[in-house]
Amino acid sequence: MPFCIGLTGGIGSGKSSAAEMFGELGAGVVDTDAIAHELTRAGGAAIEAIRGAFGAEYIASDGGLDRARMRRFVFRDPDAKTRLEGILHPLIGAQSRARVAAAQQPYVVLVVPLLLETGACRDLVQRVLVVDCSEERQLARAMQRSRLPADEVRAIMAAQLPRSGRREQADDVIDNDGGMDALRHQVAQLHEKYLRLARRA
Ligand SMILES: Nc1ncnc2c1ncn2[C@@H]1O[C@H](COP(=O)(O)OP(=O)(O)OP(=O)(O)O)[C@@H](O)[C@H]1O
Ligand SMILES: [Mg+2]
């Protein structure tokens, strides 16, 4: 297996932006959010299991998961959330492992939003990289990117680890309160470090 960095952070913290920059520098990038999307779009490997477990009303007219409806449902029903995760997590884990194993780059950045909350994919990563920024920035950026209303973003933030808990478990931290250039600079420095660590691994 290639040397693998688990990249995590709260909603809107800048995970996807950082991952893209690592990719531009030559790292392999595997994104578990993208995998989850593929699994739940029309024809995706999770669709029939979701239809069976939750009913056809959770499948949109295009044949993919009705994401907004499912998000609202699992938010008020923890048991439904557990059932959905029971379907998705094993599929995401298997896909992630296969993609990390197949990577040809010197190391791989595996983006796992809930790496520290659920322990998902923890066994695949040798180091934890946390992208961190203030909660006000997180809220503004998450709303800008996902078009979710403020109260939904706040509810998601409340269900995630607080910043301090995430930072405590990090091997490396990117402070993303600056602009894109500041982010790029930190990514470049970490890239050099990870190339060194990967050579030694
Ligand atoms: N340093 C920065 N300066 C300005 N804008 C930024 C910065 N970092 C990220 N953004 C912007 O903030 C938004 C959220 O960033 P991004 O999508 O990378 O976060 P994310 O952690 O992947 O979010 P999500 O949890 O929704 O997947 C995007 O519109 C992105 O362009
Ligand atoms: Mg993202």
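The values are calculated or read from the model by the stated rules, or taken from the named source; none is laboratory data. All values derive from a computational prediction rather than experimental measurement. Cβ placement follows ideal geometry from the backbone for every residue including glycine, while neighbour counts extend to all protein chains displayed.
Taken together, 197, 190, 161 contain a single residue that is surrounded by 13 or more Cβ atoms within 10 Å (Cβ to Cβ), touching a helix residue (DSSP H, G or I) at 6+ places or on another chain (Cβ under 6 Å) and at pLDDT 95 or above, which is 161.
Which of the helices (runs of 4 or more DSSP H) contained wholly in region 1-112 include at least 3 residues that are among the small types (Gly, Ala, Ser) and farther than 26 Å from residue 170 by Cβ?
Details: elements: 15-25, 32-40, 47-54, 67-76, 78-102.
Fully inside region 1-112 and qualifying: 47-54, 78-102.
Beta carbons closer than 8 Å, at least 6 apart along the sequence or on distinct chains, pair a first residue in region 6-21 that is in contact (Cβ under 8 Å) with a residue 24 or more places away in the chain and of a type in the set (Lys, Arg) with a second that is in a loop (DSSP other than H, G, I, E, B) and within 10 Å of ligand 2 (Cβ to nearest atom) for 15/9; 15/113. Scanning region 118-134 for residues that are at pLDDT 90 or above, loosely packed, with under 15 Cβ neighbours inside 10 Å and part of a helix (DSSP H, G or I) yields 122, 123.
Only one residue in 18, 53, 80, 60 is at pLDDT 95 or above and within 16 Å of ligand 2 (Cβ to nearest atom), so which one is that?
On the way: 53 fails: within 16 Å of ligand 2 (Cβ to nearest atom); 80 fails: within 16 Å of ligand 2 (Cβ to nearest atom); 60 fails: within 16 Å of ligand 2 (Cβ to nearest atom).
Answer to the check: 18.
Per the listing 28, 10, the residue uniquely within 25 Å of residue 155 (Cβ to Cβ) and of a type outside the set (A, V, I, L, M) is 10.
Yes/no matrix, rows are residues, columns are (1) closer than 20 Å to residue 33 by Cβ; (2) of a type in the set (S, T, N, Q):
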position: 86; (1), (2): yes, no
position: 103; (1), (2): yes, no
position: 106; (1), (2): no, no
position: 118; (1), (2): yes, yes
position: 122; (1), (2): yes, no
position: 134; (1), (2): no, yes
position: 166; (1), (2): yes, no
position: 183; (1), (2): yes, no
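Being touching a residue at least 60 places away in the same chain (Cβ under 8 Å) and among the hydrophobic types (A, V, I, L, M, F, W, C), is that true of even one residue in region 53-72? The answer is no; no qualifying residue exists.
Identify all residues within region 135-175 that are of a type in the set (Asp, Glu) and part of a helix (DSSP H, G or I); write none if there are none.
Our first condition is that a residue be of a type in the set (Asp, Glu); within region 135-175, this holds for 135-136, 151-152, 168, 171-172, 175.
Those that are of a type in the set (Asp, Glu) and part of a helix (DSSP H, G or I): 135, 136, 151, 152, 168.
You will find that of 94, 102, 68, the residue that is farther than 30 Å from residue 200 by Cβ and among the aliphatic types (A, V, I, L, M) is 68 and no other. Scanning region 97-116 for residues that are within 15 Å of ligand 2 (Cβ to nearest atom) and either touching a Phe, Trp or Tyr at 6+ places or on another chain (Cβ under 9 Å) or not hydrophobic (A, V, I, L, M, F, W, C) (or both) returns 109, 113. Looking across region 17-43 at every residue that is surrounded by fewer than 19 Cβ atoms within 10 Å (Cβ to Cβ) and small (Gly, Ala, Ser), the one that is farthest from ligand 1 (Cβ to nearest atom) is identified as 43.
Within region 44-99, the residues that satisfy the criterion of being aromatic (Phe, Trp, Tyr) and either more than 22 Å from the chain's Cα centre (by Cα) or crowded, with 17+ Cβ neighbours inside 10 Å (or both) are 54, 58.
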